[in-house]
1. Under 7 Å between Cβ atoms, at least 6 apart or on separate chains: pull out the pairs that start in the range 75-89 with a residue that is in the same structural domain as residue 64 (by TED's automatic domain parsing) and of a type in the set (D, E, K, R) and end on any residue that is outside any loop (DSSP other than H, G, I, E, B) and surrounded by 11 or more Cβ atoms within 10 Å (Cβ to Cβ).
2. Applying the selection to the range 12-38, what residues are modelled with pLDDT under 75 and either out of contact with any helix residue (DSSP H, G or I) (no Cβ under 9 Å at 6 or more places or on another chain) or not assigned by TED's automatic domain parsing to the domain that holds residue 55 (or both)?
3. With respect to residue 86, determine if the residue is over 19 Å from the mean Cα position of the chain (by Cα), exposed (fewer than 11 other Cβ atoms within 10 Å of the Cβ) and modelled with pLDDT of 85 or more.
4. Here is a check on your reading of the model: is residue 3 part of a loop (DSSP other than H, G, I, E, B) and at pLDDT 80 or above?
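The values are calculated or read from the model by the stated rules, or taken from the named source; none is laboratory data. On a predicted model such as this, the values are computed, not experimentally measured, just so you know. Cβ sites come from the backbone with ideal geometry, for glycine too, and all protein chains shown count toward neighbours.
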Amino acid sequence: MKRIYLHPLPIRIWHWVNALTVILLLMTGLQFRMLGIASLPPHDPSLALHKWAGLVMTASWFFWFAYGLASGHLSQHYAIRKRDLGGIVGQMKFYLVAIFRGEPNPFLPSHEE
């Protein structure tokens, strides 16, 4: 069975880098506010880690933006087209209510688009 990916490899890598830096920023940020909650090194190393994670996230955003401009990814996924307007309300209802009831997503992603 052949796998079909909805997003190219650079976007998938960016997503995981972003996810890991968000977790790291949350863990170190919690230590700043509530000492003892996160099991991290003492305050000074965690401050440096927090700053580096923020720099990595900033760099990853610039990579995402540059890749999006070069590949057409931004206009494909983030430009609202006339045909999209009809489904926005339905998609909002799904993510606000129906997903918690276990109802199916009204819009399934397609690898052809």
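1. none
2. Selection gives 33, 34, 36.
3. The answer is no for residue 86.
4. Taking the combined requirement at face value, the residue satisfies it.
Here's the yes/no breakdown for (1) at pLDDT 80 or above; (2) under 19 Å from the mean Cα position of the chain (by Cα); (3) in a helix (DSSP H, G or I); (4) among the basic types (Lys, Arg):
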| residue | (1), (2), (3), (4) |
| --- | --- |
| 59 | yes, yes, yes, no |
| 62 | yes, yes, yes, no |
| 66 | yes, yes, yes, no |
| 93 | yes, no, yes, yes |
| 97 | yes, no, yes, no |
